[in-house]
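This report refers to the structure that appears directly beneath it.
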Amino acid sequence: MMERDMAANRQPAEAFGQEMAELRQEAGAHLLAPWASAGKIGTAALDMIGDGEGIYVTDEAGRRLIDGPAGMWCVNLGHRNRELTQAMADQAMALDYNSPWYTSSAPAVELAGRLAGHAPGDLSHVFFTTGGSSAVETALRFMFFYNNVKGRPEKKMIVTRDRAYHGSTYLAGSLNGRPRDQDWMDSETGRVIRLSCPDPFRRPAGMSVEAFTDGLIEEFRAAIERHGAEKIGAFVAEPVLASGGVVVPPEGYLKRMQALCRQNDILFISDEVVTGFGRLGSVFASGEVFGIEPDMITFAKGVTSGYFPLGGAMISARLLEDLRASNHPEAAFAHGLTYSSHPIGCAVAQKTLDILEGGLLDEVKEKAVYFQTALKRLEDHALVGEVRGMGLMACIECVAEKAGRTPLKLDLEVGKRIDRHCQERGLLVRPLIQMCVMSPPLTITTDQIDRMVEILDASIRATMDDLTRDGLWRG
């Protein structure tokens, strides 16, 4: 591969295009991409990204694009952040790795203490993992272990929700409830109880939000009565359902769900893999934004701004005290990962916290109002049923008919159509069938937000023209 001048952030267009074409061909021959379809698996190659800087990435055509999804909800501090890259280099030269089975390191110990200071309630301990899936898997395995030690081996069922996303490992992936997630993949079914999605936009016609919320709570109560509280170990919930379409639950919903968990000795696991580390203006949103004190919080992504694989599960001190007081002091939590507490990841996470605590969290709270207000104007389009979001995350949901919120045919994949038009104009969004989601780097400016909205506006118009021309939509 030819050497590239990273400082210039650009090769001559012809050379850059040639390099990307060669890489695409090599990827199709050797690299298996996530979510590959059987008909193309082992041959398909994804679009290439050449480099990134700030809120921008450069694609294989040499176009400079606003990174609307911030990678995968994770590049919160933007691309080529020199403070983060220097923290990586400095730690690698000091201590690149240590075995978490037999030793610890200063970055891991210091980071654990800082995270405990930000976590709500008595979440004072953290088990570090390599990402979000392993963080959720860790929390669930801890729940199993906890109930085994407590002499309740039958208390293992897990409550999840429609349109949830909790990861790609077997047990975490079994909790997912998005369209198509389980179509061709095996999953755990005997332990999983699935509730309705708390999406106010999709509530029954004529029903108030208050009545909708009451129904969600009663659905959970009925599930507890049906299965028995003695069988249910945990309720796992994203405070905002991210990959399910940035679903913001009704006000008070999470508090009421937590109250039911407490009444029935069910652990509440708040999955903050997306909502943590500044996305909603707080390090952890559970307490500061939603007023809940979970028994565990899982996190990843923004903890290192995507610069190094790291995740974790914050665990209540009360649960650990229960274990220490049990009649089974010999019981081992036989769970660990080679890269748990990785010193480089922990050092990058500490620098991430330095930047967030240095004023960026307050900036996000201010920019979030501007971001949500600017995007809301896109609801003027006939194709757009709702623009919703919180903090610096948002979703545009498209509909076949606006007044009745009539869903579009899924095979139209309108989100992909909008994304293609956006890329032509300088923006990446994340398409989710009939939706587009955005979670730009927290460093985005109001002028850049305006540019995002301009591109989305033009791209939605172009998509409506395409659908109308092809006889697929009547507006």
If we ask which residues in region 55-100 are at pLDDT below 95 and not assigned by TED's automatic domain parsing to the domain that holds LEU428, their number turns out to be 0
Determine if region 307-320 includes at least one residue that is in a helix (DSSP H, G or I), in the same structural domain as GLU238 (by TED's automatic domain parsing) and touching a strand residue (DSSP E or B) at 6+ places or on another chain (Cβ under 7 Å). yes
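For region 321-336, name all the residues that are in a loop (DSSP other than H, G, I, E, B) and aliphatic (A, V, I, L, M).
ALA325, ALA331, ALA332, ALA334
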Restricting to region 147-164, and then to whatever is surrounded by fewer than 24 Cβ atoms within 10 Å (Cβ to Cβ) and out of contact with any Ser or Thr (no Cβ under 9 Å at 6 or more places or on another chain), can you tell me which residue is farthest from GLU219 (Cα to Cα)? ASN148
Go through (1) at pLDDT 70 or above; (2) in a loop (DSSP other than H, G, I, E, B); (3) under 26 Å from GLY426 (Cβ atoms) and name the single condition ALA36 misses. (3)
Say we look at region 295-349 and pick out the residues that are of a type in the set (S, T, N, Q) and crowded, with 21+ Cβ neighbours inside 10 Å; which of these is nearest to ARG279 (Cα to Cα)? SER305
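Only one residue in GLY206, GLY215, GLY173, GLY167 is surrounded by fewer than 16 Cβ atoms within 10 Å (Cβ to Cβ), in the same structural domain as GLU137 (by TED's automatic domain parsing) and under 30 Å from GLU413 (Cα atoms), so which one is that? Break it down into steps so the answer makes sense when it comes.
Working: GLY215 fails: under 30 Å from GLU413 (Cα atoms); GLY173 fails: surrounded by fewer than 16 Cβ atoms within 10 Å (Cβ to Cβ); GLY167 fails: surrounded by fewer than 16 Cβ atoms within 10 Å (Cβ to Cβ).
Every option except GLY206 fails the conditions.
The values are calculated or read from the model by the stated rules, or taken from the named source; none is laboratory data. Predicted model only: the values in this text are computed from it and were never measured. Glycine gets a Cβ as well: all are built from the backbone with ideal geometry, and neighbour counts include every protein chain shown.
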